[in-house]
Amino acid sequence: MAPVTLAPSPITPTVDFDRDGVQHGFLRLPYSRDDSAWGSVMIPITVVRNGSGPTALLTGANHGDEYEGAVALFDLSQTLTADRVAGRVIIVPAMNYPAFQAGTRTSPIDKGNLNRSFPGRPDGTVTQKIADYFTRELLPLADLVMDIHSGGRTLDFVPFAAAHILPDKDQEARCFAAVAAFAAPYSMRMLEIDAVGMYDTAAEEQGKTFVTTELGGGGTGRAETIAIAKRGVRNVLHHAGILTGDQPSDAQAAEASRWLDMPSADCFRFAEDSGLIEACVDLGQPVRKGDLLARIHPIGRTGLAPSEYRAALDGILAARHFPGLVKAGDCIAVVGTVES
Ligand code: CA
(Lines give C-alpha, C1' and ligand atoms only; values in the text may rest on other atoms or scores of the structure.)
Protein backbone atom coordinates (compact mmCIF):
# COMPACT_ATOMS: atom_id res chain seq x y z
CA MET A 1 0.00 0.00 0.00
CA ALA A 2 1.39 3.42 -0.94
CA PRO A 3 2.00 5.71 2.03
CA VAL A 4 -0.73 8.27 2.49
CA THR A 5 0.58 11.82 2.38
CA LEU A 6 -1.33 13.94 4.87
CA ALA A 7 -1.81 17.66 4.43
CA PRO A 8 0.09 19.91 6.86
CA SER A 9 -1.71 20.72 10.11
CA PRO A 10 -3.72 23.95 9.95
CA ILE A 11 -2.62 24.72 13.53
CA THR A 12 0.03 27.41 13.99
CA PRO A 13 1.91 27.65 17.30
CA THR A 14 2.77 31.16 18.47
CA VAL A 15 5.67 29.74 20.53
CA ASP A 16 9.07 28.54 19.32
CA PHE A 17 9.66 25.05 20.69
CA ASP A 18 13.43 25.39 20.23
CA ARG A 19 13.93 28.66 22.10
CA ASP A 20 15.31 28.72 25.66
CA GLY A 21 13.33 30.42 28.41
CA VAL A 22 9.64 30.60 29.29
CA GLN A 23 7.12 31.34 26.53
CA HIS A 24 3.35 31.65 26.91
CA GLY A 25 1.34 31.50 23.69
CA PHE A 26 -1.27 29.61 21.76
CA LEU A 27 -1.91 26.83 19.33
CA ARG A 28 -4.01 28.81 16.84
CA LEU A 29 -6.53 26.67 14.96
CA PRO A 30 -8.51 28.44 12.22
CA TYR A 31 -12.24 28.00 12.78
CA SER A 32 -14.50 29.98 10.49
CA ARG A 33 -18.00 30.47 11.88
CA ASP A 34 -21.00 32.80 12.04
CA ASP A 35 -19.61 35.12 14.72
CA SER A 36 -16.02 35.20 13.40
CA ALA A 37 -15.52 34.67 9.67
CA TRP A 38 -11.74 34.34 9.89
CA GLY A 39 -11.74 33.30 13.56
CA SER A 40 -9.59 30.80 15.41
CA VAL A 41 -9.65 28.52 18.43
CA MET A 42 -6.81 29.73 20.67
CA ILE A 43 -5.46 26.85 22.80
CA PRO A 44 -3.15 28.17 25.55
CA ILE A 45 0.33 26.64 25.66
CA THR A 46 3.49 27.24 27.67
CA VAL A 47 6.98 26.08 26.71
CA VAL A 48 9.76 26.13 29.30
CA ARG A 49 13.13 25.15 27.86
CA ASN A 50 16.65 25.19 29.24
CA GLY A 51 19.24 23.62 26.96
CA SER A 52 19.23 20.12 25.61
CA GLY A 53 17.60 17.30 27.50
CA PRO A 54 14.40 15.30 27.54
CA THR A 55 11.01 16.81 26.76
CA ALA A 56 7.86 16.37 28.83
CA LEU A 57 4.47 17.00 27.24
CA LEU A 58 1.83 17.70 29.91
CA THR A 59 -1.89 17.95 29.17
CA GLY A 60 -5.15 18.52 31.05
CA ALA A 61 -8.80 18.77 30.01
CA ASN A 62 -8.52 16.26 27.20
CA HIS A 63 -12.10 15.87 28.39
CA GLY A 64 -13.45 19.36 29.02
CA ASP A 65 -15.19 18.68 32.34
CA GLU A 66 -12.13 17.32 34.19
CA TYR A 67 -10.38 19.90 36.33
CA GLU A 68 -7.44 18.61 38.38
CA GLY A 69 -5.12 18.58 35.36
CA ALA A 70 -6.20 22.02 34.18
CA VAL A 71 -5.69 23.54 37.63
CA ALA A 72 -2.32 21.86 38.18
CA LEU A 73 -1.05 22.85 34.73
CA PHE A 74 -2.31 26.45 34.65
CA ASP A 75 -0.59 26.73 38.04
CA LEU A 76 2.62 25.12 36.76
CA SER A 77 2.62 27.40 33.70
CA GLN A 78 2.90 30.50 35.85
CA THR A 79 5.30 29.12 38.48
CA LEU A 80 7.84 27.03 36.56
CA THR A 81 11.05 28.90 35.78
CA ALA A 82 13.63 27.88 33.18
CA ASP A 83 16.42 27.67 35.74
CA ARG A 84 14.61 24.72 37.37
CA VAL A 85 14.40 22.83 34.05
CA ALA A 86 16.94 20.63 32.29
CA GLY A 87 15.44 20.05 28.85
CA ARG A 88 11.95 21.14 27.95
CA VAL A 89 8.42 21.15 29.39
CA ILE A 90 5.47 21.71 27.06
CA ILE A 91 2.28 22.52 28.99
CA VAL A 92 -1.23 22.47 27.47
CA PRO A 93 -3.61 22.82 30.45
CA ALA A 94 -6.78 22.52 28.37
CA MET A 95 -6.19 20.23 25.42
CA ASN A 96 -9.76 20.20 24.08
CA TYR A 97 -10.14 23.93 24.68
CA PRO A 98 -13.64 24.36 23.20
CA ALA A 99 -14.93 21.54 25.44
CA PHE A 100 -13.11 23.02 28.44
CA GLN A 101 -14.69 26.45 27.83
CA ALA A 102 -18.13 24.82 27.67
CA GLY A 103 -17.51 22.62 30.74
CA THR A 104 -18.43 19.53 28.77
CA ARG A 105 -16.69 16.24 28.02
CA THR A 106 -16.97 16.67 24.26
CA SER A 107 -16.57 19.71 22.05
CA PRO A 108 -19.64 21.93 21.57
CA ILE A 109 -18.38 22.63 18.02
CA ASP A 110 -18.47 19.12 16.59
CA LYS A 111 -19.39 16.88 19.58
CA GLY A 112 -15.89 15.44 19.24
CA ASN A 113 -14.58 13.33 22.11
CA LEU A 114 -10.88 14.21 21.79
CA ASN A 115 -9.79 11.00 23.51
CA ARG A 116 -11.60 8.95 20.86
CA SER A 117 -10.36 11.09 17.93
CA PHE A 118 -6.73 9.96 17.57
CA PRO A 119 -4.73 9.88 15.39
CA GLY A 120 -6.92 12.68 14.01
CA ARG A 121 -7.09 14.35 10.63
CA PRO A 122 -5.65 17.64 9.37
CA ASP A 123 -8.72 18.08 7.15
CA GLY A 124 -11.30 16.84 9.68
CA THR A 125 -13.37 18.48 12.39
CA VAL A 126 -11.91 20.92 14.92
CA THR A 127 -11.46 18.06 17.41
CA GLN A 128 -9.82 15.83 14.78
CA LYS A 129 -7.45 18.68 13.88
CA ILE A 130 -6.37 19.02 17.52
CA ALA A 131 -5.73 15.27 17.69
CA ASP A 132 -3.73 15.35 14.46
CA TYR A 133 -1.55 18.20 15.71
CA PHE A 134 -0.70 16.27 18.87
CA THR A 135 -0.04 13.07 16.89
CA ARG A 136 2.24 14.56 14.24
CA GLU A 137 3.74 17.68 15.85
CA LEU A 138 3.78 17.51 19.66
CA LEU A 139 4.12 13.80 20.50
CA PRO A 140 7.24 13.43 18.31
CA LEU A 141 8.91 16.19 20.39
CA ALA A 142 8.28 14.36 23.67
CA ASP A 143 10.04 11.67 25.66
CA LEU A 144 7.59 11.70 28.57
CA VAL A 145 3.85 12.28 28.06
CA MET A 146 1.47 12.88 30.95
CA ASP A 147 -2.28 13.32 30.37
CA ILE A 148 -4.20 14.18 33.52
CA HIS A 149 -7.77 12.90 33.60
CA SER A 150 -10.51 12.81 36.20
CA GLY A 151 -13.99 11.34 36.10
CA GLY A 152 -15.82 14.34 34.65
CA ARG A 153 -19.45 15.03 35.38
CA THR A 154 -20.61 11.41 35.31
CA LEU A 155 -17.87 9.41 37.07
CA ASP A 156 -15.89 9.67 40.31
CA PHE A 157 -12.63 7.81 41.03
CA VAL A 158 -10.29 7.07 43.89
CA PRO A 159 -7.25 9.15 42.94
CA PHE A 160 -4.77 7.13 40.89
CA ALA A 161 -2.02 7.43 38.31
CA ALA A 162 -2.05 4.69 35.69
CA ALA A 163 -0.33 3.05 32.78
CA HIS A 164 -1.20 0.17 30.49
CA ILE A 165 0.19 -3.30 29.91
CA LEU A 166 2.22 -2.89 26.71
CA PRO A 167 3.81 -5.30 24.22
CA ASP A 168 7.21 -3.56 24.65
CA LYS A 169 8.21 -4.53 28.18
CA ASP A 170 11.00 -1.93 28.40
CA GLN A 171 8.51 0.79 27.54
CA GLU A 172 5.98 -0.69 29.97
CA ALA A 173 8.57 -0.60 32.76
CA ARG A 174 9.35 3.06 32.00
CA CYS A 175 5.64 3.89 32.15
CA PHE A 176 5.07 2.13 35.47
CA ALA A 177 8.20 3.72 36.97
CA ALA A 178 6.67 7.11 36.11
CA VAL A 179 3.34 6.03 37.65
CA ALA A 180 5.16 5.10 40.85
CA ALA A 181 6.98 8.44 40.81
CA PHE A 182 3.66 10.31 40.50
CA ALA A 183 2.89 8.87 43.97
CA ALA A 184 -0.90 9.17 43.93
CA PRO A 185 -2.74 7.38 46.75
CA TYR A 186 -3.38 4.57 44.23
CA SER A 187 -1.41 3.32 41.21
CA MET A 188 -3.28 1.36 38.55
CA ARG A 189 -2.53 -1.20 35.86
CA MET A 190 -5.29 0.01 33.65
CA LEU A 191 -7.57 -1.88 31.30
CA GLU A 192 -9.40 0.25 28.73
CA ILE A 193 -12.96 -0.52 27.70
CA ASP A 194 -12.31 0.95 24.26
CA ALA A 195 -8.69 1.90 23.46
CA VAL A 196 -9.29 2.78 19.81
CA GLY A 197 -8.76 6.47 19.12
CA MET A 198 -7.24 7.27 22.51
CA TYR A 199 -4.38 9.74 22.99
CA ASP A 200 -2.85 7.09 25.25
CA THR A 201 -2.64 4.68 22.32
CA ALA A 202 -1.15 7.31 20.00
CA ALA A 203 1.55 8.16 22.56
CA GLU A 204 2.29 4.51 23.36
CA GLU A 205 2.53 3.58 19.67
CA GLN A 206 5.24 6.27 19.30
CA GLY A 207 7.20 4.57 22.09
CA LYS A 208 6.71 7.35 24.62
CA THR A 209 6.76 6.98 28.39
CA PHE A 210 3.08 7.61 29.02
CA VAL A 211 1.30 8.27 32.32
CA THR A 212 -2.35 9.02 32.76
CA THR A 213 -4.48 9.59 35.86
CA GLU A 214 -8.00 9.49 37.19
CA LEU A 215 -8.19 11.95 40.07
CA GLY A 216 -11.70 12.31 41.41
CA GLY A 217 -14.51 13.59 39.23
CA GLY A 218 -18.09 14.74 39.42
CA GLY A 219 -17.37 17.72 37.18
CA THR A 220 -15.26 19.58 39.72
CA GLY A 221 -11.89 19.45 41.47
CA ARG A 222 -11.40 19.01 45.21
CA ALA A 223 -8.58 20.46 47.32
CA GLU A 224 -7.24 16.96 48.02
CA THR A 225 -7.21 15.80 44.39
CA ILE A 226 -5.83 19.10 43.06
CA ALA A 227 -2.97 18.84 45.55
CA ILE A 228 -2.31 15.27 44.35
CA ALA A 229 -2.17 16.51 40.74
CA LYS A 230 0.16 19.42 41.50
CA ARG A 231 2.50 17.22 43.52
CA GLY A 232 2.34 14.32 41.04
CA VAL A 233 3.28 16.45 38.05
CA ARG A 234 6.37 17.76 39.81
CA ASN A 235 7.25 14.29 41.10
CA VAL A 236 7.22 12.84 37.58
CA LEU A 237 9.21 15.75 36.11
CA HIS A 238 11.76 15.27 38.87
CA HIS A 239 11.84 11.50 38.24
CA ALA A 240 12.55 12.17 34.54
CA GLY A 241 15.43 14.50 35.42
CA ILE A 242 13.65 17.45 33.79
CA LEU A 243 12.81 19.28 37.01
CA THR A 244 16.04 19.90 38.87
CA GLY A 245 16.69 20.67 42.51
CA ASP A 246 15.22 19.03 45.58
CA GLN A 247 12.68 16.24 45.36
CA PRO A 248 9.47 18.24 45.55
CA SER A 249 7.49 15.95 47.83
CA ASP A 250 8.11 13.49 50.58
CA ALA A 251 9.12 9.99 49.54
CA GLN A 252 6.56 8.55 51.97
CA ALA A 253 3.77 9.12 49.47
CA ALA A 254 5.29 6.69 46.97
CA GLU A 255 5.57 4.00 49.60
CA ALA A 256 1.99 4.60 50.66
CA SER A 257 0.59 4.29 47.12
CA ARG A 258 -1.48 1.12 46.78
CA TRP A 259 -1.23 -0.78 43.48
CA LEU A 260 -4.50 -1.74 41.86
CA ASP A 261 -5.16 -3.95 38.86
CA MET A 262 -8.03 -4.31 36.44
CA PRO A 263 -7.50 -7.95 35.44
CA SER A 264 -10.58 -8.36 33.22
CA ALA A 265 -13.82 -6.82 32.04
CA ASP A 266 -15.40 -8.24 35.23
CA CYS A 267 -14.13 -5.04 36.91
CA PHE A 268 -16.86 -3.03 35.23
CA ARG A 269 -20.53 -3.03 36.14
CA PHE A 270 -22.95 -1.49 33.67
CA ALA A 271 -26.54 -0.53 34.42
CA GLU A 272 -29.17 -2.65 32.72
CA ASP A 273 -31.94 -0.51 34.17
CA SER A 274 -32.66 3.19 34.34
CA GLY A 275 -33.60 4.85 37.60
CA LEU A 276 -32.40 6.12 40.94
CA ILE A 277 -29.08 4.69 42.08
CA GLU A 278 -28.55 3.67 45.69
CA ALA A 279 -24.83 3.45 46.42
CA CYS A 280 -24.11 0.54 48.75
CA VAL A 281 -20.31 1.04 48.91
CA ASP A 282 -18.23 4.21 48.84
CA LEU A 283 -15.04 4.84 46.88
CA GLY A 284 -12.00 3.11 48.34
CA GLN A 285 -14.00 0.65 50.44
CA PRO A 286 -13.09 -3.04 50.19
CA VAL A 287 -15.57 -5.39 48.52
CA ARG A 288 -15.74 -9.16 48.14
CA LYS A 289 -17.07 -11.04 45.15
CA GLY A 290 -20.85 -11.11 45.46
CA ASP A 291 -21.11 -7.99 47.62
CA LEU A 292 -23.80 -5.52 46.73
CA LEU A 293 -22.30 -2.46 44.98
CA ALA A 294 -25.47 -0.56 44.15
CA ARG A 295 -29.20 -0.88 43.70
CA ILE A 296 -31.26 0.87 41.05
CA HIS A 297 -34.78 1.85 41.99
CA PRO A 298 -37.42 2.23 39.29
CA ILE A 299 -38.83 5.76 39.49
CA GLY A 300 -42.01 5.47 37.42
CA ARG A 301 -44.11 4.19 40.31
CA THR A 302 -43.82 3.18 43.95
CA GLY A 303 -43.85 -0.34 45.29
CA LEU A 304 -41.30 -1.86 42.89
CA ALA A 305 -38.19 -3.72 44.00
CA PRO A 306 -34.81 -2.27 42.97
CA SER A 307 -32.42 -4.22 40.77
CA GLU A 308 -29.14 -5.25 42.40
CA TYR A 309 -25.57 -4.96 41.12
CA ARG A 310 -22.88 -7.05 42.76
CA ALA A 311 -19.09 -7.24 42.64
CA ALA A 312 -17.74 -9.94 40.31
CA LEU A 313 -14.37 -10.05 42.08
CA ASP A 314 -12.61 -9.03 45.30
CA GLY A 315 -11.04 -5.58 45.49
CA ILE A 316 -11.96 -2.00 46.28
CA LEU A 317 -14.50 0.30 44.70
CA ALA A 318 -12.23 2.32 42.38
CA ALA A 319 -14.87 4.23 40.43
CA ARG A 320 -18.59 4.94 40.57
CA HIS A 321 -21.27 6.71 38.63
CA PHE A 322 -21.60 10.23 39.99
CA PRO A 323 -25.11 11.61 39.27
CA GLY A 324 -27.98 10.19 41.28
CA LEU A 325 -29.98 9.07 38.26
CA VAL A 326 -28.66 6.43 35.87
CA LYS A 327 -29.61 5.17 32.44
CA ALA A 328 -29.28 1.65 31.07
CA GLY A 329 -25.74 1.28 29.73
CA ASP A 330 -24.11 3.67 32.21
CA CYS A 331 -20.96 2.43 33.91
CA ILE A 332 -22.05 2.38 37.55
CA ALA A 333 -19.04 0.84 39.29
CA VAL A 334 -15.46 -0.30 38.73
CA VAL A 335 -13.80 -2.70 41.14
CA GLY A 336 -10.00 -2.63 41.17
CA THR A 337 -8.17 -5.61 42.62
CA VAL A 338 -5.52 -4.89 45.23
CA GLU A 339 -2.05 -6.17 44.41
CA SER A 340 -0.42 -8.11 47.19
CA1 CA B 1 -11.41 11.40 31.15
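For Leu237, state whether it is outside any strand (DSSP E or B) and either surrounded by 17 or more Cβ atoms within 10 Å (Cβ to Cβ) or within 16 Å of the ligand (Cβ to nearest atom) (or both). Taking the combined requirement at face value, the residue satisfies it. Taking (1) away from the ligand (no atom under 15 Å from the Cβ); (2) closer than 19 Å to Leu27 by Cα; (3) of a type in the set (A, V, I, L, M); (4) within 14 Å of the chain's Cα centre (by Cα) in turn, Val179 satisfies each apart from (2).
For the stretch 83-102, what are the residues that are open to solvent by 10 Å² or more (accessible area, probe 1.4 Å) and part of a loop (DSSP other than H, G, I, E, B)? Result: Ala86, single match.
With respect to Pro13, is the statement that it is of a type outside the set (D, E, K, R), in contact with a Leu (Cβ under 6 Å, 6 or more places away or on another chain), within 16 Å of the ligand (Cβ to nearest atom) and in contact (Cβ under 8 Å) with a residue 24 or more places away in the chain true? Spelling it out, it is not the case that Pro13 is of a type outside the set (D, E, K, R), in contact with a Leu (Cβ under 6 Å, 6 or more places away or on another chain), within 16 Å of the ligand (Cβ to nearest atom) and in contact (Cβ under 8 Å) with a residue 24 or more places away in the chain.
Looking across the stretch 154-174, the residues that are within 16 Å of the ligand (Cβ to nearest atom) and touching a Ser or Thr at 6+ places or on another chain (Cβ under 8 Å) come down to Phe157, Pro159, Phe160, Ala161, Ala162, Ala163. Just give me the residues in the stretch 23-61 being among the small types (Gly, Ala, Ser) and within 16 Å of the ligand (Cβ to nearest atom), in sequence order. Of everything in the stretch 23-61, those that are among the small types (Gly, Ala, Ser) and within 16 Å of the ligand (Cβ to nearest atom) turn out to be Gly60, Ala61. Could you please find all residues in the stretch 62-82 being in contact (Cβ under 8 Å) with a residue 40 or more places away in the chain, more than 12 Å from the ligand (Cβ to nearest atom) and open to solvent by 30 Å² or more (accessible area, probe 1.4 Å)? Scanning the stretch 62-82 gives Val71, Asp75, Thr81. If you check Ala305, Ala311, Ala223, Ala256 for being of a type in the set (A, V, I, L, M) and open to solvent by less than 60 Å² (accessible area, probe 1.4 Å), only one passes: Ala311. Take Ser150 and decide whether it is within 14 Å of the ligand (Cβ to nearest atom) and modelled with pLDDT of 95 or more. Yes, satisfied. When Asp147 is tested against (1) in contact with a strand residue (DSSP E or B) (Cβ under 9 Å, 6 or more places away or on another chain); (2) open to solvent by 10 Å² or more (accessible area, probe 1.4 Å); (3) acidic (Asp, Glu), just one condition goes unmet, and that condition is (2). Of all residues in the stretch 117-134, none satisfies being in the same structural domain as Val233 (by TED's automatic domain parsing), more than 15 Å from the ligand (Cβ to nearest atom) and under 19 Å from Asp20 (Cα atoms).
In the stretch 288-302, the qualifying residues are those that are out of contact with any Lys or Arg (no Cβ under 9 Å at 6 or more places or on another chain) and not basic (Lys, Arg), and the one that is most open to solvent (accessible area, probe 1.4 Å) is Thr302.
The values are calculated or read from the model by the stated rules, or taken from the named source; none is laboratory data. Not measured: the values here are computed from a predicted model. A quick note on method: Cβ atoms are made from the backbone with ideal geometry, for glycine too, and the neighbour counts reach across all protein chains shown. Remember, those area values only see protein heavy atoms, side chains included, never the ligands or the DNA or RNA. Shrake-Rupley method; radii C 1.70, N 1.55, O 1.52, S 1.80 Å.
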